[in-house]
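Here is the structure we will look at, set down as structure tokens.
The values are calculated or read from the model by the stated rules, or taken from the named source; none is laboratory data. All figures in this text were calculated on a predicted structure; none of them were measured in a lab. Here the Cβ is made from the backbone with ideal geometry for all residues, glycine too, and neighbour counts use every protein chain on show.
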Amino acid sequence: MRLDQEPNLLRTIAIVVVAYLAFAWLIDDQYYQLILTIVPIWAMMGIAWNVFSGYSGLVSFGHAAFFGIGAYTVALAMIGFNLSPWFGIPLGTLAGVVASVLVGYPTFKLRGVYFSLAMLAYPLTLLYIFEWLGYQEVTMQMVRENSWMYMQFASQYTYIVVSTILVAIAVYVSGRIHSSRFGLSLTAIKQNEAAAEGAGVDAAAWKLRAIMVSGAIAAAAGGYYAVVLIVVTPPSVFGMIASAQAMIMALFGGVATVWGPVIGAAVLIPLSEILHAELGNQVHGIHGVVFGLAIIAMILYAPEGLLPRLRDAWRRRKGLASDNAADAQRRTIDLPAAAGAERPPISEQIVLKVSDLSRAFGGLKAVSNVNFEVRQGEVLGIIGPNGAGKTTLFNLLNGFIRADQGSVKFGASELIGLKPNQVCRLGVGRTFQVVRPFPRMTVLQNVVVGAFAAEQQDDERAVELARQALDRVGMLKHEQVLAGGLNSLELRLMELARVLAGQPRLLLLDETLAGLGSEEVEVILAVIRRLADEGQTIVIIEHTMQAMVRIADRFLVLDHGQVLAVGKPAEVVRDPVVIEAYLGKKWMDHAKH
């Protein structure tokens with residue numbers, strides 16, 4: 001797996017650009033030439049929306065805000081300061097970046113439909129502001145001498161060339177994002193933000209970067225749109241139709257794909273414009289009809305967009321598509337061999353020190369004054385009845401829940417107050433009670449996301465770490481399988497590999513054996529024992545006592561959020577207090593023998 005696909009991307013862009021310009025050269029009608037000019041502009045808008053919403057999953061109804069800012073920056077800079085659009089478009093692009101930060105930073109605190117509605121408010125607000133300021137209709141002046149310096153070309157074909165170059169740049173940027181840690185991180189956030197954070201992905205930072213790139217591309221498109229149409233009005237650039245078209249281009253062509261928005265614009269813009277010219281007098285709002293029908297068609301026949309639908313059909317025709325369910329019958333887990341050397345002794349070095357840790361939910365004390373230590377190379381088992389606070393304790397340790405009081409020292413670092421991604425990058429890896437895969441990504445891509453926590457610069461090295469982690473858990477043969485096609489055991493092993501790829505010093509395992517059969521439990525136990533033999537420090541939560549006594553060096557028993565007992569497994573399972581609270585009478589009978 002290569003994250004960087006730049007050579008193929010550049011070659012494809014070059015072929016498409018040459019083909020488009022050659023086609024445009026054959027068109028003499030100025031109206032159709034104008035359509036061929038604006039197709040790349042709306043493709044850029046689709047790309048801008050896709051770079052943010054397509055990859056992150058945060059649906060934006062407000063990209064017209066960046067589009068309009070770019071358009072008005074170019075128009076007002078030329079009118080007020082005689083600044084050429086050659087400089088105005090980069091200036092508008094910069095304004096789009098600034099606007100995206102001002103918009104994104106507070107709005108990311110919202111979720112779901114609230115985020116989408118908040119984004120819709122921004123272009124509508126700007127529309128009214130610009131009308132109030134008296135910019136209802138801004139017309140860029142015509143320049144007679146050296147008009148090309150002001151992007152006023154004698155030939156419409158030159159406008160097509162410029163717009164094609166601009167969209168080629170946008171496609172290149174989108175392609176680099178798609179095949180890099182940028183795109184994988186955003187896709188992971190889209191599919192399961194909690195799992196992405198737990199794997200070391202800084203969701204807030206990546207979303208902010210995405211909206212900055214998105215705002216820049218949208219503003220550049222708006223700036224050139226002003227050049228092409230000469231007249232700028234608030235409804236034309238801040239109106240709902242601008243945001244809707246950006247979204248529809250991506251949805252129609254294919255969300256989270258490089259070429260989807262381009263295909264969407266190439267199909268829908270000429271269709272809507274030609275129908276408007278032919279039927280606009282009889283059917284008012286024909287643009288909206290075309291876009292509405294396009295969305296309905298996609299929902300019914302190609303929910304993921306036209307490009308993914310065509311790609312899947314091509315693969316089926318060529319016999320390249322694989323049935324994950326059938327593959328699952330043939331796949332095998334390569335059990336890790338024994339370490340081959342005696343397990344290193346548990347060090348006296350304290351890796352984790354938890355002091356007076358507490359968290360209450362209303363009147364319920366989920367965790368109350370918990371104290372314990374974990375030493376280097378130790379396997380600490382945390383046991384207790386349902387509702388004892390075990391998973392809440394893990395969530396406190398790695399930042400998913402903020403503590404009411406107490407301290408968690410990992411080496412010299414205080415973990416209280418840190419975000420999950422920060423805790424992970426310090427060297428604390430964690431699995432979840434309910435497996436959290438990225439189902440639309442391959443097994444290798446899932447694990448590479450975890451490797452980014454250990455290798456923050458070199459993508460190739462991250463891929464290498466991911467493969468090593470998959471090999472450690474016996475899943476290397478599964479690397480190209482979609483995670484959504486894995487069974488329960490494979491999902492558990494993949495999640496464990498994702499954590500190991502981050503090179504953690506401390507491994508937190510939350511009920512890794514849950515939902516598995518007896519043979520599958522033996523596979524997981526073999527992997528954990530191998531990790532322990534390699535000197536990995538592990539804290540594990542588990543209900544299966546028979547399994548826990550085989551792998552844990554010490555037990556910590558929780559009951560109603562409090563530490564009930566700490567000690568060697570043989571001592572803890574014979575403690576009458578523990579038996580009464582958790583283990584039950586059968587263990588009392590066992591203790592008597």
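Any residue in region 175-182 that is closer than 26 Å to residue 506 by Cα, in a helix (DSSP H, G or I) and touching a residue at least 60 places away in the same chain (Cβ under 8 Å)? Yes, the conditions are met somewhere in region 175-182.
Scanning region 193-221 for residues that are free of Cβ contacts under 8 Å to residues at least 60 places away in the same chain and either touching an Asp or Glu at 6+ places or on another chain (Cβ under 7 Å) or not charged (D, E, K, R) (or both) yields a single hit, 205.
Could you please let me know if residue 270 is surrounded by 23 or more Cβ atoms within 10 Å (Cβ to Cβ) and assigned by TED's automatic domain parsing to the domain that holds residue 59? Criteria not met by residue 270. Sub-6 Å Cβ pairs linking a first residue in region 417-443 that is closer than 21 Å to residue 536 by Cα to a second residue that is of a type in the set (S, T, N, Q) and part of a helix (DSSP H, G or I), at least 6 apart or interchain, are 433/391, ordered by first then second residue. Here residue 269 meets each of (1) β-branched (Val, Ile, Thr); (2) under 27 Å from the mean Cα position of the chain (by Cα); (3) at pLDDT 90 or above with one exception, condition (2). Within region 349-372, the set of residues being basic (Lys, Arg) and more than 24 Å from residue 536 (Cβ to Cβ) comprises 359, 365. Within region 458-492, the set of residues being assigned to a loop (DSSP other than H, G, I, E, B) and in contact (Cβ under 8 Å) with a residue 40 or more places away in the chain comprises 473, 474, 475, 479, 481, 486, 487. Give me the pairs: first residue in region 129-147 and in the same structural domain as residue 81 (by TED's automatic domain parsing) and without any contact (Cβ under 8 Å) to a residue 40 or more places away in the chain, second residue loosely packed, with under 10 Cβ neighbours inside 10 Å and aliphatic (A, V, I, L, M), beta-carbon distance under 8 Å, and six or more apart or on different chains, which are they? Going by the 8 Å Cβ cut-off, the qualifying pairs are 147/154.
Would you confirm whether or not region 503-523 contains a residue that is part of a strand (DSSP E or B), hydroxyl-bearing (Ser, Thr, Tyr) and either at pLDDT below 95 or closer than 17 Å to residue 381 by Cβ (or both)? The answer is no, given that none of the residues of region 503-523 is part of a strand (DSSP E or B), hydroxyl-bearing (Ser, Thr, Tyr) and either at pLDDT below 95 or closer than 17 Å to residue 381 by Cβ (or both). Under the condition of being out of contact with any His (no Cβ under 9 Å at 6 or more places or on another chain) and farther than 26 Å from residue 156 by Cα, the residues counted in region 30-50 number 1.
From the set of residues in region 232-244 that are crowded, with 24+ Cβ neighbours inside 10 Å and under 27 Å from the mean Cα position of the chain (by Cα), which is farthest from residue 304 (Cα to Cα)? By that ranking, first place goes to 242. Looking only at region 441-454, decide whether some residue is more than 23 Å from the chain's Cα centre (by Cα), over 21 Å from residue 421 (Cα atoms) and in the same structural domain as residue 541 (by TED's automatic domain parsing). No.
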